[in-house]
Amino acid sequence: MPLSACAGFTAGLSETTARLDAFLERSLSAPRCVHSRAVADLCGRLCLRFGCDPAVGYFTGLGHDAAREMPEEKLLAEARASGCPLDEYEEKNPVLLHAPVAAVILRRDFGVCDGEVLEAVRRHTLGCPDLRLLGKILFVADYCEPNRKFIDRRFRSVCFSLPLDGMLVYILDNEKARGHEIAPITRAMYDKLVKEKAGKSGEG
C-alpha cells in the first residue's frame, strides 16, 4: 500500500503518524485518544495477520475518529463543503458524518492520497458492500478494541478465530441481537457477505 509515497508524505509515515497523534491530543478528549490509539494498535496487528502494512494500518486506525468530537452542525458544514456524496442515513444522523469528515482531515491536513486509507476511514461507521481489505480491518478493530465494554473476552475470542468476512458478519449479528438499527448500506454489506459465504459453502 503506497501511502508513504503519496504527495505530502515526504517526511515519512512515522513522522506523519506522530503529527496526527499530536493533532488528536489537541482535538479530542483523553478517553477518545485512548480509544483511537487502541484501534490503531489492533488495526496494525490485524493488518499483519491479513497481509497489509501494519504501519499503514496503525495510521488509519489512529485517524479514524479525528472528527468524532466535532459539533454536529460543523460536521454537516464540513461534509457538505467537501463535496463528498453523503448517505441519506448519515445526513439524518449527523454524528455519523465524523467518518467522512475525518477522511477530509486526513486528506487536507495530512496529505493522505491513498484511496484505500481514505475509504477505510470514510466507511468505518457503516461499512459498504464493496468495502476493501483495509476498510474491513478497521471496521473490526473499531468494534473490538479492548476498551469496548459492550463486548467481552469470549466475544473477541470467537470473533478473532474467524476469517475476516466472518468477523464482520459476527459483529453485525451481534448488533442485531442487541436490537440496534442497521443502516441500509450496512445491511447491504451484510447481505453480500452472507451470500458470498453461502456460495463458498456450496462450492464444497
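Descriptive notes on the structure:
- Unmet requirement for residue 29, which otherwise passes all of (1) among the small types (Gly, Ala, Ser); (2) crowded, with 20+ Cβ neighbours inside 10 Å; (3) more than 13 Å from the chain's Cα centre (by Cα): (2)
- Test for residue 158: is it hydrophobic (A, V, I, L, M, F, W, C) and either buried (at least 22 other Cβ atoms within 10 Å of the Cβ) or touching a strand residue (DSSP E or B) at 6+ places or on another chain (Cβ under 7 Å) (or both): no
- Beta carbons closer than 9 Å, at least 6 apart along the sequence or on distinct chains, pair a first residue in segment 147-166 that is touching a residue at least 12 places away in the same chain (Cβ under 8 Å) with a second that is of a type in the set (S, T, N, Q) for 150/174; 151/174; 155/174; 159/174.
- Single match in 62, 46, 96 (criterion: farther than 21 Å from residue 22 by Cα, in contact with a Ser or Thr (Cβ under 8 Å, 6 or more places away or on another chain) and surrounded by 15 or more Cβ atoms within 10 Å (Cβ to Cβ)): 96
- Unique residue being free of Cβ contacts under 8 Å to residues at least 40 places away in the same chain, crowded, with 18+ Cβ neighbours inside 10 Å and not polar (S, T, N, Q) when the list is 78, 91: 78
- Condition met for residue 67 (assigned to a loop (DSSP other than H, G, I, E, B) and either over 19 Å from residue 147 (Cα atoms) or aromatic (Phe, Trp, Tyr) (or both)): yes
- Test: residue in segment 9-17 that is at pLDDT 95 or above and closer than 16 Å to residue 143 by Cβ: no
- Restricting segment 108-125 to residues that are under 15 Å from the mean Cα position of the chain (by Cα) and free of Cβ contacts under 8 Å to residues at least 60 places away in the same chain leaves a set whose member that is nearest to residue 78 (Cα to Cα) is 122.
- Looking across segment 76-93, the residues that are among the hydrophobic types (A, V, I, L, M, F, W, C) and either touching a Ser or Thr at 6+ places or on another chain (Cβ under 9 Å) or in a loop (DSSP other than H, G, I, E, B) (or both) come down to 84, 86.
- Remark: pairs (first residue in segment 43-68, more than 12 Å from residue 124 (Cβ to Cβ) and without any contact (Cβ under 8 Å) to a residue 40 or more places away in the chain; second residue of a type in the set (S, T, N, Q) and in a helix (DSSP H, G or I); Cβ separation under 9 Å; 6+ apart in sequence or on different chains) = 44/60.
- Selection status of residue 120, farther than 16 Å from residue 168 by Cα and out of contact with any Phe, Trp or Tyr (no Cβ under 6 Å at 6 or more places or on another chain): no
- For segment 7-26, the set of residues classified as in a loop (DSSP other than H, G, I, E, B) and surrounded by 13 or more Cβ atoms within 10 Å (Cβ to Cβ) consists of 8, 9, listed by residue number.
For (1) of a type in the set (A, V, I, L, M); (2) in a helix (DSSP H, G or I); (3) farther than 22 Å from residue 156 by Cβ, each residue gets a yes or a no:
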| site | (1), (2), (3) |
| --- | --- |
| 36 | no, yes, no |
| 49 | no, yes, no |
| 56 | yes, yes, yes |
| 74 | no, yes, yes |
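The values are calculated or read from the model by the stated rules, or taken from the named source; none is laboratory data. Given the structure is predicted, the values throughout are model-derived calculations rather than measurements. As a convention, Cβ positions derive from the backbone with ideal geometry for all residues, glycine included, and neighbour counts pool all protein chains shown.
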